[in-house]
Amino acid sequence: MSFLDQLTPVNLQEEKRKFFADFSYNPQFVYAEPIDQKKLLKHPKPATELLDLAKKIAEKELEKQSEATLEQQLGRVLTHEEVTQKAQLFLKMHNLDKQVDIIWSASFVSRATMSLKALKLKTTAEFREKETVGMLYHEIGTHGLRNYNYQRQPWYRKKKQFNLYGEYLETEEGLAVLHSLMPVENKLLTKCAVRYLASDKTLTLSFSQLWQFLESYIDDEEERWTAVVRQKRGITDTAQPGAYMKDAVYFSGAILMLRWLKQNDFRLEELYLGKISVDDLETVVQIQGNLPSALPSFYTLDKEKYTATITEIAVANTIF
């Protein structure tokens, strides 16, 4: 069982019903296996500099929400069948359709997750047209393809033997976040900025207190529930402060990758050598490895458009 699977409470739906009956209730989560509490704090805590930027972006989005409806920004809500069809087409475009299944379940914590053999989608989540394309760019176009190439490298599951010690997750999730924004009109890093703020607050707040804090940022209660669970997964008594700090890397990673891409001519070839950190790229390039056999279509079909879109995201978020 992967660590992320371990973090999914076995009584998630039962505790959700209790919480929605009383928003002051703090869920008592039960896990299939004991959770290594040290792993929850493996990732760095939010930095003051980035907290200030995250707050500006989150509040800027609050001002913009009244100017346009969700449908204007992200398109209509898709049925599960329509989402599945789009996912199957995107997988086929990248020769992954034979090895990746599409699985729907209400028990998933995240709305979309990519594993080695499956794209896992949450049945209770809402998927809108443009946002769904962004999800496919994120899950398949980034995670799926980087993993596909990684499996074909001599350092696959042997990173330490090749002196590859960089923490890849910030690179991985940061790049995926940027790609998810490419198809949508609103280029603000709002969702991951709010997650970054939540990662800071949850270190001192209970589940119900964090729910109240996020009320001004996330109107939809289903989405807010998911956001709080993501912060508190791995904890049994959520009345206690504490968090799984992974959610902080989405925002810090996005800022990191915006700066890296500008400094490196917006090239993806090296980044797609595998699931690696930008800190290890120089070492990886020196190793006699295999060139990435799979690159995302949104990059290969029009590299100039890719550069322009990533630049647009950076400008919208005042990065450069």
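Bear in mind these aren't lab numbers, they're just calculated from the coordinates by the rules spelled out. Because the structure is predicted, anything quoted here is derived from the model rather than measured. As a convention, Cβ positions derive from the backbone with ideal geometry for all residues, glycine included, and neighbour counts pool all protein chains shown.
Helix 129-138 sits at what angle to the longest principal axis of the chain, using alpha carbons and giving 0 to 90 degrees rounded to 10?
It is inclined by approximately 60 degrees.
When a/c reaches 1.5 or more, the comparison of a/b and b/c decides; with that in mind, is region 275-320 rounded, prolate or oblate per its Cα gyration tensor? Don't skip to the end; give the middle numbers.
Details: a/c = 3.61, a/b = 1.57, b/c = 2.30.
In terms of gyration-tensor shape, oblate.
Given that compact globular proteins tend to follow 2.2 N^0.38 Å, what is the ratio of the alpha-carbon Rg of region 70-130 to that value? Could the numbers behind the result be given before it?
Details: Rg = 12.0 Å, N = 61, 2.2 N^0.38 = 10.5 Å.
Region 70-130 yields a ratio of 1.14.
Consider all pairwise Cα distances in region 143-277 and report the whole-number % of them above 22 Å.
Working: 4287 of 9045 pairs.
Above the 22 Å cut-off, region 143-277 has 47 percent of its Cα pairs.
Based on the Kirkwood radius over alpha-carbon pairs, what is the Stokes-Einstein translational diffusion coefficient of the chain at 25 °C with 0.890 mPa s viscosity, in µm²/s? Don't skip to the end; give the middle numbers.
On the way: Rh = 20.4 Å.
For the chosen part, D equals 121 µm²/s.
Check LYS275: other-chain or 5+ apart residues with amide H under 5 Å from its amide H, H built from backbone geometry?
TYR150
What three numbers, in Å, describe the spread of the alpha carbons of region 1-60 along their principal axes, ordered from the longest?
37, 31, 15
Taking 22 Å as R0, compute the FRET efficiency from the Cβ-Cβ separation of MET93 and LEU116 and round it to 0.05. Don't skip to the answer; put the middle values down first.
Details: r = 19 Å, r/R0 = 0.87.
Efficiency at R0 = 22 Å is approximately 0.70.
Where does each of 313-319, 275-281 land if you order them by average Cβ count within 10 Å, highest first?
Working: 313-319: 16.6, 275-281: 19.6.
Taking the mean over residues of other Cβ atoms within 10 Å, the ranking is 275-281, 313-319.
Per residue of the chain, what 222 nm ellipticity follows from adding -39500 (n - 2.57) for every DSSP H run with n ≥ 4, rounded to the nearest 500? If you can, show how the numbers build up before the last one.
On the way: 16 runs with 155 residues, N = 320.
Helices in the chain give a 222 nm mean residue ellipticity of -14000 deg cm²/dmol.
Pairing the Cα long axis of helix 248-263 with the longest principal axis of the chain, what angle in degrees results, from 0 to 90 and rounded to the nearest 10?
The angle comes out at about 30 degrees.
ALA118's amide H: which non-local residues (gap 5+, or another chain) put their own amide H closer than 5 Å, with H modeled 1.01 Å from N in plane and none for Pro or chain starts?
ASP101
Send over the semi-axes of region 210-320's equivalent ellipsoid, whole angstrom and largest first, taken as the square roots of 5 times the C-alpha gyration tensor eigenvalues. Show your work: numbers first, answer last.
Values: eigenvalues 236, 77, 33 Å².
Semi-axes from the Cα gyration tensor: 34, 20, 13 Å.
Among DSSP beta bridges whose residues both lie in the chain, state the antiparallel percentage, nearest 5.
Working: 5 of 10 bridges.
So the antiparallel bridges in the chain amount to around 50 percent.
Only four residue types carry charge here, +1 at the Cβ of Lys and Arg and -1 at the Cβ of Asp and Glu. Report the dipole size of region 8-52 about the Cα centre in Debye, rounded to the nearest 20.
Numbers: 7 positive and 7 negative charges, 22 e Å.
My answer is approximately 100 debye.
Nearest 10 degrees, 0 to 90: what angle lies between the long axis of helix 12-21 and the longest principal axis of the chain (Cα atoms)?
The two axes meet at around 50 degrees.
For region 240-284, what log10 I(q)/I(0) values come out of the Debye formula at q = 0.15, 0.27, 0.32 1/Å, with one point per alpha carbon and no solvent?
-0.48, -1.07, -1.21
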